Amino acid sequence: TKMSEVKETQTTTFFEGRFDISLLFDTLDFAAKKHSQQKRKDREGTPYINHPIGVAKNLTDAGITDFATIQAAILHDTVEDTETTFEEIESKFGNEVRKIVEEVTDDKSLQTAERKRLQIEHTPHISDKAKLVKLADKLYNLRDMQRSVPVNWSKDRVQEYFVWSKKVTDGAKGINQLLDDQLEDLYQNGTFELDNETYESYPK
């Protein structure tokens with residue numbers, strides 16, 4: 001039947017890899033130790049590890065159960081923001097996880113503006129699993145920004161971040177409808193508060 005064909009397609013695309021609770025906690029433990037000294041840029045200075053866990057939760061909430069994709073979400077900032085190497089990730093978690101993390105890692109030797117430009121340029125060409133991590137990452141950051149604007153950020157800077165994020169996520173559309181819809185809702189209807197004023201997140 002057509003339904004079983006659809007299921008089969010989904011299985012080969014997103015549901016590869018046996019779920020392993022022990023390995024999941026190894027992955028969380030690794031990321032927590034790597035990010036242990038870091039805090040988010042929000043006003044509360046929340047622990048950084050909240051972010052990769054939240055990105056992985058965005059994926060599972062959207063029905064993604066592929067284990068390598070969930071692991072990569074948990075590890076996605078370790079190379080970019082800590083002393084972790086891709087080789088270390090591969091030796092602990094395998095080649096597929098390493099590849100996904102590599103696809104979503106910015107080159108920190110480049111200027112911020114260039115890194116942001118390359119994210120827009122590269123996103124349409126990365127793997128579907130990397131696109132899922134990218135979408136879930138942006139969804140978390142945008143929601144977080146609406147919840148608590150980073151210290152010293154102006155209205156224009158927040159709105160510029162939303163405009164740039166949409167250019168990135170537009171390049172990853174069509175993989176998961178729920179993530180697409182949640183992001184579109186933020187761009188259409190999102191607001192944030194700054195100095196007791198409410199602003200549109202994405203300027204119309």
Where residues in segment 57-100 are under 19 Å from ILE21 (Cα atoms) and of a type in the set (Val, Ile, Thr), which of them is farthest from the chain's Cα centre (by Cα)?
ILE89
GLU80 vs. criteria surrounded by fewer than 16 Cβ atoms within 10 Å (Cβ to Cβ), of a type outside the set (A, V, I, L, M) and either assigned to a helix (DSSP H, G or I) or in contact (Cβ under 8 Å) with a residue 40 or more places away in the chain (or both)
yes
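Among the residues in segment 13-27, are any surrounded by 21 or more Cβ atoms within 10 Å (Cβ to Cβ), charged (D, E, K, R) and either assigned to a loop (DSSP other than H, G, I, E, B) or modelled with pLDDT of 95 or more (or both)? Working first, answer last.
Taking segment 13-27 first, the residues surrounded by 21 or more Cβ atoms within 10 Å (Cβ to Cβ) are 27.
From what is left, the residues that are charged (D, E, K, R) are none.
Among the residues of segment 13-27, not one is surrounded by 21 or more Cβ atoms within 10 Å (Cβ to Cβ), charged (D, E, K, R) and either assigned to a loop (DSSP other than H, G, I, E, B) or modelled with pLDDT of 95 or more (or both), which makes the answer no.
Evaluate the following for GLN111: is it of a type outside the set (Ser, Thr, Tyr), in contact with a strand residue (DSSP E or B) (Cβ under 9 Å, 6 or more places away or on another chain) and either at pLDDT 95 or above or farther than 24 Å from LYS57 by Cα (or both)?
Values: of a type outside the set (Ser, Thr, Tyr): yes; in contact with a strand residue (DSSP E or B) (Cβ under 9 Å, 6 or more places away or on another chain): no; either at pLDDT 95 or above or farther than 24 Å from LYS57 by Cα (or both): yes.
Considered against the rule, which asks whether it is of a type outside the set (Ser, Thr, Tyr), in contact with a strand residue (DSSP E or B) (Cβ under 9 Å, 6 or more places away or on another chain) and either at pLDDT 95 or above or farther than 24 Å from LYS57 by Cα (or both), GLN111 comes out as no.
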Which one of these is modelled with pLDDT of 95 or more and either within 15 Å of SER165 (Cβ to Cβ) or in contact with a His (Cβ under 9 Å, 6 or more places away or on another chain) (or both): VAL97, VAL101, VAL79?
VAL101
Does any residue in segment 97-122 that is farther than 21 Å from ALA68 by Cβ and in contact (Cβ under 8 Å) with a residue 12 or more places away in the chain come within less than 6 Å, Cβ to Cβ, of a residue that is among the aliphatic types (A, V, I, L, M) and assigned to a helix (DSSP H, G or I) six or more places away or on a different chain, and which pairs are these?
GLN119/VAL168; ILE120/VAL168
In segment 53-69, how many residues are out of contact with any Gly (no Cβ under 9 Å at 6 or more places or on another chain), assigned to a helix (DSSP H, G or I) and among the aliphatic types (A, V, I, L, M)?
4
Against the condition β-branched (Val, Ile, Thr), more than 12 Å from the chain's Cα centre (by Cα) and assigned to a loop (DSSP other than H, G, I, E, B), how does VAL158 come out, does it pass?
no
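Matching residues to (1) in contact with a helix residue (DSSP H, G or I) (Cβ under 9 Å, 6 or more places away or on another chain); (2) surrounded by 16 or more Cβ atoms within 10 Å (Cβ to Cβ); (3) in a helix (DSSP H, G or I):
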| site | (1), (2), (3) |
| --- | --- |
| THR105 | yes, yes, no |
| THR123 | yes, yes, yes |
| LYS131 | yes, yes, yes |
| LYS134 | yes, yes, yes |
| LEU139 | yes, yes, yes |
| VAL149 | yes, yes, no |
| LYS167 | yes, no, yes |
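The values are calculated or read from the model by the stated rules, or taken from the named source; none is laboratory data. Computed from a predicted model, the values in this text were never measured in an experiment. Please note: Cβ atoms are built from the backbone with ideal geometry, for glycine as well, and neighbour counts cover all protein chains shown.
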